[in-house]
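This report refers to the structure that appears directly beneath it.
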Amino acid sequence: MHLTAKELAALIPPEFILGVATSAFQIEGAVDEDGRGRAGWDVFAARPGAIVDDHSPAVSADHYRRMPEDVALMKQLGVDSYRFSISWPRIQPNGSGPVNPAGLAFYDRLLDELLANGISPMMTIYHWDTPLALDEAGGWMNRDTAYRLGEFAAIAAAAYGDRVARWVTINEPATVTTNGYALGLHSPGESLLLKALPSVHHQLLGHGLALQALRAAGVPGEIGMANVYSPMVPASGNPMDKLSTGFMDIAQNRLFADPVLTGEYPEVIRAAKFFGSFSHPDEDLDLISQPLDFYGLNYYMPTRVAAGAGDGPVPEGMEAALGEDLGESAPGAMLHITSWPGAQITAYGWPIVPEYVGVALAEIAERYPGLPPVYITEGGASFADTVVRAADSGRIMIPDERRIIYLAEHLQTVLEATAPGGIAEKIDLRGYYVWSLLDNFEWSGGYKQPFGLLHVDFETLERTPKASYFWLQELLAERQRMASSDNRVAMPAPSVE
Ligand code: BGC
């Protein structure tokens, strides 16, 4: 049984930030509006079979037009902060050169709306929607893209620096490399396997250049980046399973975190000459490892790894979610992800094992002693929600109890793990952002993987709060009540003469 809102609120430290997160390409739609340029993702998503049921991102949740309504829903929810990304092709249509004033103006309005409603903005500069022109020139396989990102960050700093409380330079480079360049499941759809490694370095360099641009502009907000992290667990004690697990840990976690937090690629990557003939100037690592004000961690699940090809590259549940084309078996693969015995799964087939978000924090604390303060920049779960329609009023309700349990248990785990005496007590955890505010275009999962606290009817675009929205609202209200009664207690008693 998960904690009640009152019990959970009692665990939340005073300055802890509770927020919700989205990304531009997943919610905005309006792909041809107001001078937006094309994104590589526009083209990838139009390839037959690339997205489940060939769903199109063209309208998505229509946030571009419905932004004030979405901010009002956040205000009613009572969150402290909103993490969103700016669309590079909307602001700089070709990824270099002139900016599009109408695109810039959209985020001006968003920032003003958030601040007017007391919601603190966390802005992600790059969340995967590379301008098409850059993808056509090689995307992240081309070092030049990193410099273009640095320039884009300078544009964002000049336009929004006065209002952004927290910046995320880039989001989950591991997913871009693995899904976009190694396996062909995301834009730009390259299946380069280990030859995708330059895309790792160029994204990290892009992070470094963006960070440098933000510092040079003197933005007052805090600056960080967001990496996904999944604790890797061997399926058995078999040495081959253990070896495969170590490989996954390096390829998915350490390859992206070590350079940023220690200034070096993992030793085995260097020793095994994994980068092949690819080389880069040593100074790149100085840029990549510049001090951060915070480290962003996206956490969803642990990963259980076994040697050999298995039945396919993805666990059964995920294959069902993605469809046969996307989940087809990879004969000869050296390792595979396998299901977690006894665990409930999300609609993606991801195992739900809440204690592992604590393990993730503990592993990171152990690996990176000088770690800056941490935000969990994403956490949440997709479930095929049931929509219940009241016979009399026709109003709909979405009783997404499983999402409530996921969020309550994960939040409890991170708060206990980072409290004094917890397994990750060394971590200065500053906040948790729920992925996601609203159902959206879930990349190759299309609209079949709802993560939202708000249900979106993709025909009418109407938003309806799910039970999880009301749960979070109650938690935030409870925390508020506790804070005000603490203040009353802390006030000096009036002296009676
Ligand atoms: C990404 C989001 C995505 C979420 C759920 C993260 O990998 O940053 O864009 O929607 O996970 O798959």
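Side notes on the structure shown:
- ³J(HN,Hα) computed for each position of the range 443-454 - Karplus, 6.51 cos²θ - 1.76 cosθ + 1.60, integer Hz, glycine/proline x: 6, 5, x, x, 9, 8, 10, x, 10, x, 7, 10
- Using θ = phi - 60° in the Karplus curve 6.51 cos²θ - 1.76 cosθ + 1.60, the 3J(HN,Hα) couplings for the range 22-30 round to 8, 9, 3, 5, 7, 10, 6, x, 6 Hz; x is entered for Gly and Pro.
- Kirkwood Rh in Å, taken over all unlike Cα pairs in the range 181-253: 15.1
- Around residue 30: net Lys/Arg minus Asp/Glu count, Cβ-Cβ under 14 Å: -2
- Taking amide H as placed 1.01 Å from N in the peptide plane, residue 17 has its amide H under 5 Å from the amide H of 431, 432, each at least 5 places away in sequence or on another chain.
- Value in Å of the Kirkwood radius, where the range 5-485 supplies the Cα pairs that are averaged: 22.6
- Surface share of carbon and sulfur [accessible, 1.4 angstrom probe, percent] for the chain: 55
- For the peptides 258-266, 432-440, 38-46, the ranking by mean Cβ contacts within 10 Å, running from highest to lowest, is 432-440, 38-46, 258-266.
- Candidates per trypsin sites (Lys or Arg not before Pro) in the range 268-312, loop by DSSP, up to 12 other Cβ within 10 Å: 273
- Considering only the chain, percent of DSSP beta bridges that pair antiparallel, nearest 5: 25
- Computed [θ] at 222 nm, deg cm²/dmol, the chain (DSSP H ≥ 4; -39,500 (n - 2.57); rounded to nearest 500): -11500 deg cm²/dmol
- Residue-span extension gain [residue 467 to residue 484] - 0.36 nm each, minus C-alpha spacing: 3.5 nm
- For the range 326-414, trypsin sites (Lys or Arg not before Pro) are listed when DSSP marks them as loop and at most 14 other Cβ atoms sit within 10 Å of their Cβ; the list is 395.
- Rounded Å value of the spacing that divides the Cα centres of the range 411-438 and the range 266-307: 24
- Backbone N under 12 Å from the residue 76 label point (7 Å along Cα→Cβ), restricted to the range 437-464: 454-455, 463-464
- Were the residues from residue 53 through residue 391 laid out at 0.36 nm apart, the gain over their Cα-Cα distance would be 118.6 nm.
- Mean Cα-pair separation over length for the chain, i.e. relative contact order, pairs under 8 Å, 6 or more apart, %: 17
- Annotated for the chain: lysine pairs at least 8 residues apart or interchain, Cα distance under 22 Å, count 6.
The values are calculated or read from the model by the stated rules, or taken from the named source; none is laboratory data. From a predicted model like this one, the values you see are computed outputs, not experimental measurements. When we count neighbours, we look across all protein chains shown, and the Cβ atoms used for this are built from the backbone with ideal geometry, even at glycine. For the accessible areas, the whole protein counts, side chains as well, though only heavy atoms, and no ligand, DNA or RNA atoms are used. Shrake-Rupley method; radii C 1.70, N 1.55, O 1.52, S 1.80 Å.
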